[in-house]
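A.B. asks: Pasting a structure below so you can have a look.
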Amino acid sequence: MPLSENHFANIGRLELANLPTPIQYQERLSQQLGVELHVKRDDLSGVVLSGNKIRKLEYLLFDAQQQGADTVLTCGGVQSNHARATVYAARQLGMQAEVFLRGLDNQPSSGNLFFMRLANATTYPLSPDAYVERDKHMQKRAEELQAQGHAPYIIPEGGSNALGSLGYVRSMLEIVQGANDLDFIITAVGSGGTLAGLLAGAQITHTRAQIIGVPVCDDGHIFAQRVNLILQDLRTHIPELTIQSHESNFCDGHVGLGYALATKQELQQISTVVKDCGLVLDPVYTNKAFCGMLAMIQNGRIPQQSKVLFLHTGGIFGLAPFAENFSLAD
Ligand SMILES: Cc1ncc(COP(=O)(O)O)c(C=O)c1O
């Protein structure tokens, strides 16, 4: 039987996001860049429950409910979009949320951290060294909760396991319905689940577009392996999957100063894009992916006249800690 969307239509999911998100043609940017640029607005999938993570949570939290969970545990950086979205989805479903945050100290309540505190999420600080063992810390806390009679459910970093990445398999169906004959699809890569889902979705929908992820930490060599592990696990849900991720699915060189750090030029770039077309990119993920896309257009990896879809994965609250870098006088 040929691979089709029926292969995963029966896997349970909640409806948490406003879907389908729009695909918008960017006329002025297209003229400037010499390509036909479309933006898939996953930043519009909601407000506090928004961005790419919410698509993963639709599957993960369905599973949590099926298992009778009353508390969701997850992890991420201090400004984790995933942790924030998980907290709000859990609240919406009447669950408790506990989040392990790398580098949480006495940071002021801004951006994602503000929203996590607003929702009264239980937060646990982990030093960068301790964060390496995040899965163990979450497991230990889950055992404590179980001993107290609770039913915990652990979501890995970024919601990036096979179940979560189904959200982006499904997103690929929206993409092919909304934009025909794409040559390239560009996304940020932080933990790999979004890219894994898009690659699997590309096989299911017979999409010929090249899918290129721009790592915001680590590099394409490391991510190709991580994405392949997710794709391998995805076969539990879609046994016919054969697609694999290769280093050619990545565009390296845009991590800049490091994860969640931004140079002055990168911040200026965010301002420029707002001025040019009103899109708000975030400094941690989408702006780095956008810079990767611009570089690929400049160096010819994306040829002129190509039809390109940029996946806007959200992250707007990650701008808040950088607010002082944007002066009114500029
Ligand atoms: C706004 C935003 N864009 C992109 C990503 C990367 O997605 P993934 O973790 O699935 O690679 C993340 C999370 O890591 C995110 O929060």
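A.B. asks: Which residue out of ILE270, ILE222 is aliphatic (A, V, I, L, M), free of Cβ contacts under 8 Å to residues at least 60 places away in the same chain and surrounded by fewer than 19 Cβ atoms within 10 Å (Cβ to Cβ)?
C.D. replies: Checking each option against the conditions leaves just ILE222.
A.B. asks: Going by the conditions given, is THR86 among the β-branched types (Val, Ile, Thr) and in contact with a Ser or Thr (Cβ under 6 Å, 6 or more places away or on another chain)?
C.D. replies: It is true that THR86 is among the β-branched types (Val, Ile, Thr) and in contact with a Ser or Thr (Cβ under 6 Å, 6 or more places away or on another chain).
A.B. asks: What single numbered condition from (1) within 16 Å of the ligand (Cβ to nearest atom); (2) closer than 24 Å to GLY178 by Cβ; (3) touching a strand residue (DSSP E or B) at 6+ places or on another chain (Cβ under 7 Å) fails to hold for ALA260?
C.D. replies: (2)
A.B. asks: Moving to a separate point now. Let me confirm something: among CYS251, CYS291, CYS277, which residue is modelled with pLDDT under 95, out of contact with any Phe, Trp or Tyr (no Cβ under 9 Å at 6 or more places or on another chain) and either charged (D, E, K, R) or away from the ligand (no atom under 12 Å from the Cβ) (or both)?
C.D. replies: Residue meeting the stated conditions: CYS277.
A.B. asks: Output the residues belonging to the stretch 304-330 that are touching a residue at least 24 places away in the same chain (Cβ under 8 Å) and either more than 16 Å from the ligand (Cβ to nearest atom) or more than 23 Å from the chain's Cα centre (by Cα) (or both).
C.D. replies: GLN304, GLN305, SER306, LYS307, VAL308, ALA323, ASN325, PHE326, ASP330
A.B. asks: If you don't mind, there's one more thing I want to ask. Of the numbered conditions (1) closer than 30 Å to VAL308 by Cβ; (2) modelled with pLDDT under 95; (3) touching a helix residue (DSSP H, G or I) at 6+ places or on another chain (Cβ under 7 Å), GLY103 fails exactly one; give the number of that condition.
C.D. replies: For GLY103, the failing item is (1).
Here's the yes/no breakdown for (1) in a helix (DSSP H, G or I); (2) at pLDDT 95 or above:
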{"position": "MET296", "(1), (2)": "yes, yes"}
{"position": "ILE302", "(1), (2)": "no, yes"}
{"position": "GLN305", "(1), (2)": "no, yes"}
{"position": "GLU324", "(1), (2)": "yes, no"}
{"position": "ALA329", "(1), (2)": "no, no"}
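A.B. asks: Here is a list: ASP135, ASP129. Which entry is of a type in the set (Asp, Glu), within 20 Å of GLY193 (Cβ to Cβ) and either part of a strand (DSSP E or B) or not assigned by TED's automatic domain parsing to the domain that holds GLY192 (or both)?
C.D. replies: ASP135
A.B. asks: So, one more: Which pairs have Cβ atoms under 8 Å, sit 6 or more apart or on different chains, and link a residue in the stretch 186-207 that is aromatic (Phe, Trp, Tyr) to one that is within 6 Å of the ligand (Cβ to nearest atom)?
C.D. replies: none
A.B. asks: Could you check how many residues of the stretch 176-191 are hydrophobic (A, V, I, L, M, F, W, C) and within 16 Å of the ligand (Cβ to nearest atom)?
C.D. replies: The qualifying residues number 4.
A.B. asks: Right, here's the next one. Exactly one condition in (1) out of contact with any Cys (no Cβ under 8 Å at 6 or more places or on another chain); (2) outside any helix (DSSP H, G or I) is not met by ILE212; state its number.
C.D. replies: Here ILE212 meets the rest and fails (1).
A.B. asks: Can you spot a residue in the stretch 244-264 that is touching a helix residue (DSSP H, G or I) at 6+ places or on another chain (Cβ under 8 Å), within 25 Å of SER80 (Cβ to Cβ), in a helix (DSSP H, G or I) and not β-branched (Val, Ile, Thr)?
C.D. replies: yes
A.B. asks: Moving on to the next point. Pick out the one residue from LEU198, LEU173 that is within 12 Å of the ligand (Cβ to nearest atom), among the hydrophobic types (A, V, I, L, M, F, W, C), under 21 Å from the mean Cα position of the chain (by Cα) and in the same structural domain as ILE297 (by TED's automatic domain parsing).
C.D. replies: The unique qualifying residue is LEU198.
A.B. asks: Quick check on my filter: what residues within the stretch 142-185 are free of Cβ contacts under 8 Å to residues at least 12 places away in the same chain and among the polar types (S, T, N, Q)?
C.D. replies: Across the stretch 142-185, the qualifying residues are GLN146, GLN148, ASN180.
A.B. asks: So which strands (runs of 3 or more DSSP E) stay within the stretch 1-78 end to end and still have 2 or more residues that are touching a residue at least 24 places away in the same chain (Cβ under 8 Å), within 16 Å of the ligand (Cβ to nearest atom) and not assigned by TED's automatic domain parsing to the domain that holds MET138?
C.D. replies: It comes to 36-41.
The values are calculated or read from the model by the stated rules, or taken from the named source; none is laboratory data. All values derive from a computational prediction rather than experimental measurement. Methodologically, a virtual Cβ is constructed for each residue, glycine included, from the backbone with ideal geometry; neighbour enumeration extends over all protein chains shown.
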